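The values are calculated or read from the model by the stated rules, or taken from the named source; none is laboratory data. As the structure is a prediction and not an experimental result, all values here were calculated from the model. FYI the Cβ positions are ideal-geometry reconstructions off the backbone, even for glycines, and counts take in every protein chain you see.
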Amino acid sequence: MDDIWRDALLFHRWANMKVLDACANLSDEQLQLTAPGTYGTIADTLQHLLGAEQGYVRRLTNAERIRSEARPFPGVEALRGEFAKSSDALLEAAAALEPEDTTVAEYDNGDMVTLRQSLIVVQAIHHGNDHRTHIYTILGSHSIPFEEIDVWGYGLVGQC
């Protein structure tokens, strides 16, 4: 894995943890907030984000998917450890990829498509950005303060 991939995945991990930080002190009621144009509630979005990432890792490594969106929301702190493990597994899987590595993916409509595995890593990063933005949209629309999570901020705090 080159430095660009590594930086992107380390940012992805950092940003997920910052979102969890932003949600850590929310009440159960606040975790059920939503806003137009977002995925769903904050709790549902966190579960979806983690479950999808574990699904991407599963596609890359055949690892078991642990978090299901159907499981009850365990709380933000309980998810933190699962996010850390998932992010570490994604980094490890990406490091092991070769440019010609492919996988067969099934889409929601049942179509089976052969994809380069590197596209799964790109999707994980994109998906994370998309849903972290949803959570921040919900927080902002309900006047709940949060710390920005952009790449510049990540670099400025000496994470890279």
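Starting from region 76-89, keep only residues that are more than 14 Å from ALA15 (Cβ to Cβ), then list their pairs with residues that are modelled with pLDDT of 95 or more and not in a helix (DSSP H, G or I) whose Cβ atoms are within a distance under 9 Å, requiring at least 6 positions of separation or different chains.
Listed by first residue and then by second, the contacts come to VAL76/ALA24; VAL76/ASN25; VAL76/LEU26; GLU77/ALA24.
Please find, among THR137, THR61, the residue that is hydroxyl-bearing (Ser, Thr, Tyr), modelled with pLDDT of 95 or more and out of contact with any strand residue (DSSP E or B) (no Cβ under 8 Å at 6 or more places or on another chain). Explain how you work it out, then say what you get.
Working: THR61 fails: modelled with pLDDT of 95 or more.
Every option except THR137 fails the conditions.
Failed condition for GLU147, given (1) more than 15 Å from the chain's Cα centre (by Cα); (2) buried (at least 16 other Cβ atoms within 10 Å of the Cβ), with all others met?
Of everything listed in (1) more than 15 Å from the chain's Cα centre (by Cα); (2) buried (at least 16 other Cβ atoms within 10 Å of the Cβ), GLU147 misses just condition (2).
Quick one: PRO72 ticks every box in (1) farther than 21 Å from HIS126 by Cβ; (2) out of contact with any helix residue (DSSP H, G or I) (no Cβ under 6 Å at 6 or more places or on another chain); (3) outside any helix (DSSP H, G or I); (4) in contact (Cβ under 8 Å) with a residue 12 or more places away in the chain bar one, so which box is it?
For PRO72, the failing item is (4).
Which residues, taken from region 101-150, are of a type in the set (Ser, Thr, Tyr) and either within 18 Å of LEU60 (Cα to Cα) or in contact with a Lys or Arg (Cβ under 8 Å, 6 or more places away or on another chain) (or both)? Break it down stepwise before answering.
Keep residues of region 101-150 that are of a type in the set (Ser, Thr, Tyr), which gives 102-103, 107, 114, 118, 133, 136-137, 141, 143.
Correct list: THR102, THR103, TYR107, THR114, SER118.
Using the structure shown, decide if THR114 is among the hydroxyl-bearing types (Ser, Thr, Tyr), surrounded by fewer than 14 Cβ atoms within 10 Å (Cβ to Cβ) and without any contact (Cβ under 8 Å) to a residue 60 or more places away in the chain.
Details: among the hydroxyl-bearing types (Ser, Thr, Tyr): yes; surrounded by fewer than 14 Cβ atoms within 10 Å (Cβ to Cβ): yes; without any contact (Cβ under 8 Å) to a residue 60 or more places away in the chain: yes.
Judged against the criteria, THR114 is a match.
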